1. Give the residue, chosen from Val117, Val74, Val110, Val126, that is touching a strand residue (DSSP E or B) at 6+ places or on another chain (Cβ under 8 Å), among the aliphatic types (A, V, I, L, M) and assigned to a loop (DSSP other than H, G, I, E, B).
2. Residues Arg277, Arg273: which one is among the basic types (Lys, Arg), over 19 Å from the mean Cα position of the chain (by Cα), surrounded by 20 or more Cβ atoms within 10 Å (Cβ to Cβ) and outside the structural domain of Glu148 (by TED's automatic domain parsing)?
3. Just checking, does the range 325-335 include any residue being assigned to a strand (DSSP E or B), within 21 Å of Val79 (Cα to Cα) and of a type in the set (D, E, K, R)?
4. Would you pick out the residues in the range 294-324 that are of a type outside the set (Val, Ile, Thr), buried (at least 16 other Cβ atoms within 10 Å of the Cβ) and assigned to a strand (DSSP E or B)?
5. Determine the pairs where a residue that is on the phi > 0 side of the Ramachandran plot, located within the range 179-191, has a partner that is charged (D, E, K, R) and surrounded by fewer than 24 Cβ atoms within 10 Å (Cβ to Cβ) with Cβ atoms under 8 Å apart, the partner being 6 or more residues away or on another chain.
6. Would it be correct to say that Ala223 is closer than 24 Å to Val79 by Cα, without any contact (Cβ under 8 Å) to a residue 40 or more places away in the chain and out of contact with any helix residue (DSSP H, G or I) (no Cβ under 6 Å at 6 or more places or on another chain)?
7. Looking at the structure I just gave you, is Glu148 of a type in the set (Asp, Glu), modelled with pLDDT of 95 or more and either outside any helix (DSSP H, G or I) or over 17 Å from the mean Cα position of the chain (by Cα) (or both)?
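The values are calculated or read from the model by the stated rules, or taken from the named source; none is laboratory data. All of these numbers come straight from a predicted model, not from anything done at the bench. Glycine also receives a Cβ, built like all others from the backbone with ideal geometry; neighbour counts cover every protein chain displayed.
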Amino acid sequence: MAERKRSSAGGGRQKRSMRVASRAERTAPVAERRHDVPEVMRAAAIDRFGGPEVLTLHRLPVPVTTANEVLIAVDTAGVGSWDADMRAGWWPEGRPRFPLVLGSDGAGIVAAVGARVRRFKPGDRVYAYSFANPKGGFYAEFVAVAVEGVAPVPAGLDLEHAGAVPTIGLTALQGVDEALRVKEGEAVIVHGASGGVGHLALQFAKFRGARVLATASGDDGVAFVRRLGADDAVDGKKDEIAAAARAFASDGVDAVLALAGGPALTQCLDALRQGGRLAYPNGVEPKPRKRRGIEVTAYDGVADAVHWQRLGRAIEAAKPEIVIAESFPLEEAAAAHRRIEAGHVLGKVVLGIR
Ligand SMILES: NC(=O)c1ccc[n+]([C@@H]2O[C@H](COP(=O)([O-])OP(=O)(O)OC[C@H]3O[C@@H](n4cnc5c(N)ncnc54)[C@H](OP(=O)(O)O)[C@@H]3O)[C@@H](O)[C@H]2O)c1
């Protein structure tokens, strides 16, 4: 993992809390306090769609929060393949305004809260998710996020690992628990288990008591998923998944969570028993074809109060290893995108903002 100089926002916050608060601070309503929030911030943004080179360091106004939003001093931002897609020109609907700050998730310290926010106060450690946020994403020193996209950092996580988790953690857990309803003792294939979502899905499925056959990419990917607890593992780009699946569950596997598409996924489908389940998050391409006797569920990770609570509980109970493959400083956001686009990331790439 690339080393980066860190001055943790958590550490800074602790130092600040050592001084005695003034009378005005002690009596100010929580919703109006803003801690050390400057007018301008550093952010990695694009002025037009294009290759990684369009992602450059900007100085931009700190977003102003509305009543239902939380302003987060970002410590760590996640970098996902969808960020690179957005940089290159994919946008969910309409056209974004430039300069556009990318980044769908991250973690940091609450710097200020809107007047209607009661669940958080300045100084809280939070992780958050906001997709295509019109006020700008997490590749910045500050981000304003609607309160339902924000949650307290689960016990035991530092801000760097918390910043890696929101999108992949919500998607992995919802795949295992909701889309597939994985039960104890079931035989499950996690296809693409060496990536961001997959490496957490594998650990959540194990925690639910499933037997997991992981497909990964390359010898290092296979070793990686075995280390994370897979009962068996194959290189899905080279090995015969069908044969491995037959040896793993002679009557067919109960469920497949797919984080990669294509012919190898078809082999996973072939390995399902009649009545088995396949789930994949939207974005997996090419999409698997529907099959008679197989329940196929496409889903999107949801970030709301219920799902944050479930994720927090699952992380605190299962204590999954959250693997940061590489961390880049904010000013090297373009290099982080090149890394994502090169592929073969074991775990998750992040940006260290502070
Ligand atoms: N809709 C939603 O809410 C949502 C949320 C999160 C993610 N997603 C989607 O879910 C997918 C996974 O996301 P992610 O962040 O986990 O991506 P990722 O980190 O790229 O993971 C995909 C993994 O699959 C591996 N892989 C590819 N072909 C394989 C094969 N034949 N056999 C075994 N492994 C194979 C890749 O290895 P190599 O890189 O070495 O090829 C990579 O490790 C993406 O399509 C993403 O868009 C959707």
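1. Val117
2. Arg277
3. yes
4. If the condition is that a residue be of a type outside the set (Val, Ile, Thr), buried (at least 16 other Cβ atoms within 10 Å of the Cβ) and assigned to a strand (DSSP E or B), then Glu295 is the only one that fits.
5. Listed by first residue and then by second, the contacts come to Arg181/Arg277; Gly185/Arg211.
6. Answer is yes for this residue.
7. So Glu148 does not fit the description; no.
Here's the yes/no breakdown for (1) in contact (Cβ under 8 Å) with a residue 60 or more places away in the chain; (2) out of contact with any Asp or Glu (no Cβ under 9 Å at 6 or more places or on another chain):
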{"position": "Arg289", "(1), (2)": "no, yes"}
{"position": "Ala314", "(1), (2)": "yes, no"}
{"position": "Phe328", "(1), (2)": "yes, yes"}
{"position": "Ala336", "(1), (2)": "yes, no"}
{"position": "Leu351", "(1), (2)": "yes, no"}
